[in-house]
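Report on one structure; see the data block that follows.
The values are calculated or read from the model by the stated rules, or taken from the named source; none is laboratory data. These figures come from a predicted structure and were not determined experimentally. So basically every Cβ, Gly included, is an ideal-geometry build from the backbone, and we count neighbours across all protein chains shown. Just the protein is used for accessible areas: all its heavy atoms, side chains included, with ligands, DNA and RNA removed. Shrake-Rupley method; radii C 1.70, N 1.55, O 1.52, S 1.80 Å.
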Amino acid sequence: MSFSALSKIVWARKFTFLLVFTFIVAGAAGFTLSVTPMFQSEALLMTTLDRAQRQQAQFPDTLRYQLNSQIYIINSEDVLRQAIGEFGAQNLFPAQQPSQAWQTLNSLLERFVPPALLARVSNIVGSLRPANPDEGRSDTDRALVKVKKRLAVTLEKDSQILSLTFRHEDPKIAEQFLALVVRDFLQRQADLSGNAEAPAFFRQQAARYRDEYKKASAELTEFAKKNSTYSVGQEIELALTRRDTALANLAKTRGSIAEKEAQAATFQNTLTQLRRRISLPGEIVGPKQSAPAGAGNNGDALTDSNKVPANESPLLLVRVFQDTAQSLVNLNSEIVGLRSLEKAQTDAVAEVEHRLNELASIAAEYGRLKDQLDQVSKVLEAHLGRAADAQMNADWDASEKLSNVKVAQSATAPTQPVFPPKPLFLALGAVVGLVGGAGVCVMFEAIGATRRRSAHERRAVPVADERFSDRLPAAPNDWERAYEMADYRFRSQGPAA
């Protein structure tokens, strides 16, 4: 059909065309105005190769693999569920409340309809209602399904830029939720690319070895208190020094005792010679002491040439006798003191020997506990150092400035809705109205032509002769007659117009 014929048909049925066109355009405008507008927030991420991946730059697919991996990570449930949990499923997609009219209708039904009948009708309606796939799901699961539909991650052509878009009825919610998705993705990327769990692991190990250090230290302290020792090695050295000093002092004391006893024996022999005429009590001269070896061969001190003459008076030797007796008393006192000192020094040596034996018996156990404490201390120190290094590396990986994924553009605050596009929908409605109006006009014209053809066939062939006729008249061309009719109407109405 030519355009001129179509235009004549449309002009012939212009009221039908205008009615259909107006209805379609009004429907498109009503849909555009009644639908809830959707706002879109957009964020851009730029990906760069890290140091290890730069060495693999000769492989062209390295960057493409990395970008695709990041797209999968952004769309993963871990990232999306974490963002939904932080934002709140009810805050992201509030539950739809029944309209005011529906609530009014329900209140009227509950007021005027018997409860039994209302419950039966509700059960029938519930059985006829199709199953809702969201029933039985949590708010987070329902929100996750909607987020996956509204979140789009695309790779910009010939670039290293990832474009993230999220649509929502509220522009602020769209911006805030997309910012959360970007932040959680960066955190997840840092966890996967780095080793964020290493600091926690080393801290856990450090806490474990710290407890073992406290236990080993307590065991060593308890053992030291029980055995009254705090450093076996040093105490053994000190005990050996004390023993050597005590033995030297004991030998010196014994030498002094032997010297004093020899002097006392000499004084006793002298006093014995002087007492030939003077009788002195034993408290003065003291106990009988044995003479030193070889003294008996020399004879008595006052015999032979030194013997006092028998007719000489003993009063001449009184002064000598008194001095010798006094010296003997002093020697006996010194000997008694040296004997006491010898006993004390002997006891001290025995005590040191006993302490050395005790230290020797506990040295092995003390050394084991001390080595155990030192070993745990070294391991604890190593884990503390490695925990600090791991934390530094984790902070390095988690830093946005040092990460290989950087935010090129933060989530934007949309000001204009992206859906519905009003000019496009109105233009599309006008086009559909034009086509639909023309189509309805052509359809009505074809229906009229078909009816006229049927009437023509009934008038051209009588019913009685139709059984005996071998040939029916040629059927008229419907479109030609429609065109002629439209042309006639166009000409008849043309001057009037």
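Any residue at all in segment 224-233 that's loosely packed, with under 12 Cβ neighbours inside 10 Å and either in a helix (DSSP H, G or I) or modelled with pLDDT of 90 or more (or both)? Walk me through it before giving the result.
First, pick out the residues of segment 224-233 that are loosely packed, with under 12 Cβ neighbours inside 10 Å: 225-226, 228.
Now restrict to residues that are either in a helix (DSSP H, G or I) or modelled with pLDDT of 90 or more (or both): 225-226.
Yes, segment 224-233 contains a residue that is loosely packed, with under 12 Cβ neighbours inside 10 Å and either in a helix (DSSP H, G or I) or modelled with pLDDT of 90 or more (or both).
Can you name every one of the helices (runs of 4 or more DSSP H) wholly within segment 1-108 that holds 3 or more residues which are modelled with pLDDT under 90 and among the β-branched types (V, I, T)? Quick ask: steps written out before the conclusion?
Values: elements: 3-12, 14-34, 51-54, 61-74, 77-87, 89-92.
The qualifying helices (runs of 4 or more DSSP H) are 14-34.
Can you tell me which of (1) modelled with pLDDT of 80 or more; (2) surrounded by fewer than 11 Cβ atoms within 10 Å (Cβ to Cβ) is the one A116 doesn't meet?
(1)
For segment 447-461, does any single residue satisfy the condition of being under 30 Å from G27 (Cβ atoms), of a type in the set (A, V, I, L, M), at pLDDT 80 or above and assigned to a helix (DSSP H, G or I)?
Within segment 447-461 (the criterion being under 30 Å from G27 (Cβ atoms), of a type in the set (A, V, I, L, M), at pLDDT 80 or above and assigned to a helix (DSSP H, G or I)), the answer is yes, since at least one residue qualifies.
Out of curiosity, is Q189 open to solvent by 80 Å² or more (accessible area, probe 1.4 Å), of a type outside the set (K, R) and assigned to a helix (DSSP H, G or I)?
Working: open to solvent by 80 Å² or more (accessible area, probe 1.4 Å): no; of a type outside the set (K, R): yes; assigned to a helix (DSSP H, G or I): yes.
For Q189, the condition - open to solvent by 80 Å² or more (accessible area, probe 1.4 Å), of a type outside the set (K, R) and assigned to a helix (DSSP H, G or I) - is not met.
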